[in-house]
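Have a look at the structure below, then the notes.
The values are calculated or read from the model by the stated rules, or taken from the named source; none is laboratory data. Since we're looking at a predicted model, the values are computed, not measured. When we count neighbours, we look across all protein chains shown, and the Cβ atoms used for this are built from the backbone with ideal geometry, even at glycine. Side chains are part of the model used for accessible areas, which takes the heavy atoms of the whole protein and leaves out ligands, DNA and RNA. Shrake-Rupley method; radii C 1.70, N 1.55, O 1.52, S 1.80 Å.
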Amino acid sequence: MSVSRSASLAASPSLSPSVPSAGSAPTRTDLFDFVRRTAADTELIASLPLDPEGRTWVRLDGPGGSEAWLIGWPPGTGTGWHDHADSVGAFLTAEGELTENSLAARLPTDGWKTLELSDGVDRHRRLAAGQGRAFGRHHVHEVLNESPDRHAISVHAYYPPLPRIRRYSRSGPILRLEQVERPEDWQ
C-alpha cells in the first residue's frame, strides 16, 4: 500500500537554497543543495507519515519551479529500474540508508524496447543519512531500502518537473522498456 499526502509543504525558508536568477533553470548543483538543506530540516523529516507496507511521499516546493518530494521507504522496498526522461535531478538520504543501482551508459531515448547492456556498466552505491547524488538527463537507476527492519527517508528534486518516467525490467544484461508513465499517472 502506498500513501500519498495531498498537501504540499514548503521547506523552511532558512533552509532554502539560493534561487536561480530569473529566467535560469536550477542546475544539478542547485537541486543537490536543496535536497541537502531540506534533509537537514529534522522537523520536516519527522512530519512524514511512515507506512509499514508501502512508500509514502509528500510533494515539496522545490527551487526555481523544480519538482521535489519527501519519500518514506519501508524495509525491503524499492523503485524498480527507471529513468526521469529529460529531467536532471538529485536525491539525498535523510534517515536510514538507501542503495542505488545505476547504469554508467547513455541509452537511446526512444525507439527501442530491448537492449543488451555491455559489461562494466553497472554501478552500486550505498547512501547513508547525509549522502546523496545529483544526476543528468536519462539517468537509469533503481533505489532500494535493503534494511530488513528500518525505514529510510529521502528528499528528491527534479527539473524540469517530471515529463515522464520510463520503467524497465532487467534480466542479467537485458534491459527491457516496460512502461512509460506521465504525471497524471502518479499524481
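Candidates in the stretch 101-116 are the residues that are closer than 13 Å to LEU177 by Cβ and of a type in the set (A, V, I, L, M); of these, the one that is nearest to the chain's Cα centre (by Cα) is LEU107. Note on the stretch 52-86: residues that are under 11 Å from HIS151 (Cβ atoms), open to solvent by 10 Å² or more (accessible area, probe 1.4 Å) and either part of a loop (DSSP other than H, G, I, E, B) or of a type in the set (S, T, N, Q) (or both) amount to 5.
In the set SER66, SER24, only one residue is under 30 Å from GLY111 (Cα atoms) and of a type in the set (S, T, N, Q); that residue is SER66. The residues on offer are SER171, SER147, SER154, and the sole one that is under 20 Å from THR77 (Cα atoms), open to solvent by 10 Å² or more (accessible area, probe 1.4 Å), of a type outside the set (D, E, K, R) and touching a Gly at 6+ places or on another chain (Cβ under 9 Å) is SER147. Where residues in the stretch 174-187 are without any contact (Cβ under 8 Å) to a residue 24 or more places away in the chain and open to solvent by 50 Å² or more (accessible area, probe 1.4 Å), which of them is farthest from SER66 (Cα to Cα)? Selected residue: GLU178. With respect to the conditions (1) in contact with a Phe, Trp or Tyr (Cβ under 7 Å, 6 or more places away or on another chain); (2) open to solvent by 40 Å² or more (accessible area, probe 1.4 Å); (3) in contact (Cβ under 8 Å) with a residue 40 or more places away in the chain; (4) of a type in the set (Asp, Glu), GLU142 lacks only one, and its number is (2).
Out of LEU162, LEU177, one residue alone is in a loop (DSSP other than H, G, I, E, B), hydrophobic (A, V, I, L, M, F, W, C) and under 28 Å from ALA25 (Cβ atoms). It is LEU162.
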